[in-house]
Amino acid sequence: MTLPHKSNANHKSFQLKGYKALIITTSQSTLDKIDQATGEVIKTGKPTGVYASEMTEPYYTFLDAQMEVEIASIAGGAIPIEKLSLMPLVRTAEDSRYLKDPVLQEKVRNSKPITQIQIKEYDIVFLSGGWGAAYDFAQSEELSNLVSEAYQAKTILGAVCHGPLGFIGATKPDGSPLVENVKVTGVTNKQLKELMVGATPKHPETELRNANANYESNSGIIDMFKNHIVVDKEHLIVTGQNQKGGVAAAQSALELLQEKVR
């Protein structure tokens with residue numbers, strides 16, 4: 001089950017022409033199960049991928065700030081998109097814009113593999129979520145290295161929902177975990193249980209807490225209704241709790257960049 005949401009129409013205006021943003025997504029296209037006893041991957045064939053708005057909302061937020069925006073994925077090539085996320089009931093304004101935008105569609109069909117990314121070219125690096133990221137974000141040594149390099153270069157880092165899993169293998173220059181003592185959020189274990197996707201291999205709340213992050217969330221009777229944005233200005237990291245946070249997290253990243261370049 002996925003609930004409808006509308007992105008925030010009251011966008012702040014930013015003029016950041018000449019700066020560049022990079023959005024990184026999963027390449028995992030199936031919602032496989034993991035045997036908790038053996039760790040064996042059980043193929044289900046059930047399709048998944050990036051949750052559309054977690055890619056489209058930051059993309060257009062950065063683009064409308066006059067930034068150059070590029071799309072990359074773990075393996076490159078066509079990015080799998082969670083089909084449910086583009087259904088009319090849950091489709092956001094940014095999703096509808098994507099469906100009419102041949103430029104972004106081409107970028108999604110031919111995304112750059114992260115092995116071809118020169119991370120120091122970018123001023124913002126944003127990790128989009130969706131269930132697919134549970135399979136290849138924390139597990140990717142290449143992504144961990146890119147995020148570590150971006151952090152050391154004082155690049156603004158953003159992530160939403162499952163996206164913060166891309167921080168798990170990254171480190172600070174002193175070798176400590178990137179998220180250690182950093183204020184972050186990500187999808188809650190309770191929400192994953194409500195969505196019945198608890199068999200995925202990595203859960204953001206669990207992984208962030210295990211890495212000694214200062215994990216925050218907005219929880220309630222039903223977590224699918226809850227969202228939360230965390231901005232750690234000291235570490236230049238912005239995170240959103242779930243699929244409803246793409247615009248707000250991206251806008252917060254723009255605010256950090258604007259403060260940085262003044």
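The values are calculated or read from the model by the stated rules, or taken from the named source; none is laboratory data. All values derive from a computational prediction rather than experimental measurement. Methodologically, a virtual Cβ is constructed for each residue, glycine included, from the backbone with ideal geometry; neighbour enumeration extends over all protein chains shown.
Here are the numbers for this structure:
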read-out: Meets criteria (under 19 Å from the mean Cα position of the chain (by Cα) and surrounded by 13 or more Cβ atoms within 10 Å (Cβ to Cβ)) for TYR19; value: no
read-out: Total residues in the range 50-93, condition in contact with a helix residue (DSSP H, G or I) (Cβ under 6 Å, 6 or more places away or on another chain), farther than 11 Å from VAL108 by Cα and part of a strand (DSSP E or B); value: 1
read-out: Filtered residue count, the range 94-124, keeping only those that are crowded, with 16+ Cβ neighbours inside 10 Å, out of contact with any helix residue (DSSP H, G or I) (no Cβ under 7 Å at 6 or more places or on another chain) and part of a helix (DSSP H, G or I); value: 2
read-out: Residues of the range 178-226 classified as at pLDDT below 90, of a type outside the set (Lys, Arg) and at negative phi, total; value: 13
read-out: Qualifying residues in the range 184-214 (those that are farther than 29 Å from ILE42 by Cβ and in contact with a Lys or Arg (Cβ under 9 Å, 6 or more places away or on another chain)) - the one surrounded by the fewest Cβ atoms within 10 Å (Cβ to Cβ); value: ASN214
read-out: Where SER140 falls short, out of the listed (1) over 15 Å from the mean Cα position of the chain (by Cα); (2) surrounded by 19 or more Cβ atoms within 10 Å (Cβ to Cβ); (3) touching a residue at least 60 places away in the same chain (Cβ under 8 Å); value: (1)
read-out: Subset of the range 145-190 [touching a residue at least 40 places away in the same chain (Cβ under 8 Å), over 15 Å from LYS120 (Cβ atoms) and in a strand (DSSP E or B)]; value: GLY158, ALA159, VAL160, LYS183, VAL184
read-out: Residue in the range 237-252 that is farther than 18 Å from ALA133 by Cβ and out of contact with any strand residue (DSSP E or B) (no Cβ under 7 Å at 6 or more places or on another chain) present; value: yes
